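Heads up: the structure comes next, in structure tokens.
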Amino acid sequence: MRLGDEDESSNIEDRRGGGGGRGRGIGIGTIAIALVVSYFTGINPMTLLGIAEQVQAPTQSARPLDPAQDPQAALKSEMAKVLRKTEVVWDELFRGMNGRYEPPVLVLFRGQTPTACGTGQAAMGPFYCPGDRKVYLDMAFFNELEQRFGAGGDFARAYVIAHEVGHHVQNLLGVSQKTAALRQRMSETDYNKVSVRVELQADCLAGLWAQEANRRRPFLDPQDIDEALRAANAIGDDMLQKQARGVVVPDSFTHGSSAQRVHWFKTGFEANSLGACDTFRRVADAGVTP
């Protein structure tokens, strides 16, 4: 991935230097397990970690780290450039639909941090909170992605960001609100099928972004798409369930199988319009068609 002199987004809130609070009592083993169970299988991380309280804004100001003393400075710059590329693409696509794109804020934190959706924990992995329209990321997650799941590489990291931004796009388009309303009148098994479509659409939107961004200003290397596909394959529900429990339970899928996730990223990357990412066709009668 060639980012070179690309612009960096200003929509980054760096809480790593304090203010958001570091996690306490969460060991490496707990984080690894929660990454599998929560982020990758789609179980509500707030439920998983027993966090039900609504948390207010940080009580002290976050202090950005001095770049000269920040061992993650290069990675932060990479994330800022990727985020900026999502802003450029989605702004243009929304204007093409006579809409207005409002970019999300990317919050970098360590351990734990307050969010409008409850206390965010590193153990959740990256996540999007529709309540404050922010993407939350502890960059230590990328070590897990590479070392535990064998899905390293700069474009694998970009895929993670683009997927979460895809959830923000769904929020702006009203998809998130429609699907959330279904949760109240569906069984868990039936709603899991809706959740799968939500996640697969975010994968498709990530692929669409990659194609559109590369068309505007080529930045992808030949191996980059393979990195994204390896990541998508590694985090399929079937793959993770088999690794964690040795058995696959399709009715419990909430993100989609490895094959589905790979398929929908590729569909987005090969698409020529947003309509190609309509993963809700089979549940259109439930009122969730974007």
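Structure values in brief
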item	result
Lone unmet requirement of (1) in contact with a Pro (Cβ under 9 Å, 6 or more places away or on another chain); (2) modelled with pLDDT of 90 or more for ALA123	(2)
Verdict on LEU93 being assigned to a helix (DSSP H, G or I), under 13 Å from the mean Cα position of the chain (by Cα) and not hydroxyl-bearing (Ser, Thr, Tyr)	no
Residue that is surrounded by the most Cβ atoms within 10 Å (Cβ to Cβ), among those in the stretch 206-216 that are in contact with a helix residue (DSSP H, G or I) (Cβ under 8 Å, 6 or more places away or on another chain) and either free of Cβ contacts under 8 Å to residues at least 24 places away in the same chain or not hydrophobic (A, V, I, L, M, F, W, C) (or both)	GLY207
Some residue of the stretch 141-163 being touching a residue at least 24 places away in the same chain (Cβ under 8 Å), farther than 16 Å from GLU87 by Cβ and touching a Cys at 6+ places or on another chain (Cβ under 9 Å)	no
Meets criteria (of a type in the set (D, E, K, R) and in contact with a Leu (Cβ under 6 Å, 6 or more places away or on another chain)) for GLU188	no
Matching option when the condition is closer than 30 Å to ALA213 by Cα, out of contact with any helix residue (DSSP H, G or I) (no Cβ under 7 Å at 6 or more places or on another chain), at pLDDT below 95 and part of a loop (DSSP other than H, G, I, E, B), among GLY4, GLY17	GLY4
Index of the failed condition, LEU83 passing every other in (1) more than 27 Å from PHE219 (Cα to Cα); (2) buried (at least 19 other Cβ atoms within 10 Å of the Cβ); (3) of a type in the set (A, V, I, L, M, F, W, C)	(1)
Residues of the stretch 113-161 satisfying the condition of being of a type in the set (D, E, K, R) and over 16 Å from ASP14 (Cα atoms)	GLU144, GLU146, ARG148, ASP154, ARG157
Residues that are under 15 Å from the mean Cα position of the chain (by Cα) and either more than 21 Å from GLY17 (Cβ to Cβ) or hydrophobic (A, V, I, L, M, F, W, C) (or both), drawn from the stretch 118-130	ALA122, ALA123, MET124, GLY125, PHE127, TYR128, CYS129, PRO130
Test: residue in the stretch 189-205 that is in contact with an Asp or Glu (Cβ under 9 Å, 6 or more places away or on another chain), surrounded by fewer than 17 Cβ atoms within 10 Å (Cβ to Cβ) and free of Cβ contacts under 8 Å to residues at least 24 places away in the same chain	no
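Residues are listed down the side, and each one gets a yes or a no for (1) in contact (Cβ under 8 Å) with a residue 60 or more places away in the chain; (2) among the acidic types (Asp, Glu); (3) more than 16 Å from ILE161 (Cβ to Cβ):
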residue	(1), (2), (3)
ARG100	no, no, yes
PRO103	yes, no, no
VAL107	yes, no, no
THR113	yes, no, yes
TYR136	no, no, no
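Listed here are the residues, each with its yes/no results for (1) at pLDDT 90 or above; (2) not in a loop (DSSP other than H, G, I, E, B).
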position: GLN211; (1), (2): yes, yes
position: ASP221; (1), (2): yes, no
position: ASN233; (1), (2): no, yes
position: GLY256; (1), (2): no, no
position: ARG261; (1), (2): yes, yes
position: TRP264; (1), (2): yes, yes
position: VAL283; (1), (2): no, yes
position: VAL288; (1), (2): no, no
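The values are calculated or read from the model by the stated rules, or taken from the named source; none is laboratory data. All values reported here derive from a predicted model rather than from experimental measurement. We place every Cβ from the backbone using ideal geometry, glycine too, and count neighbours over all the protein chains shown.
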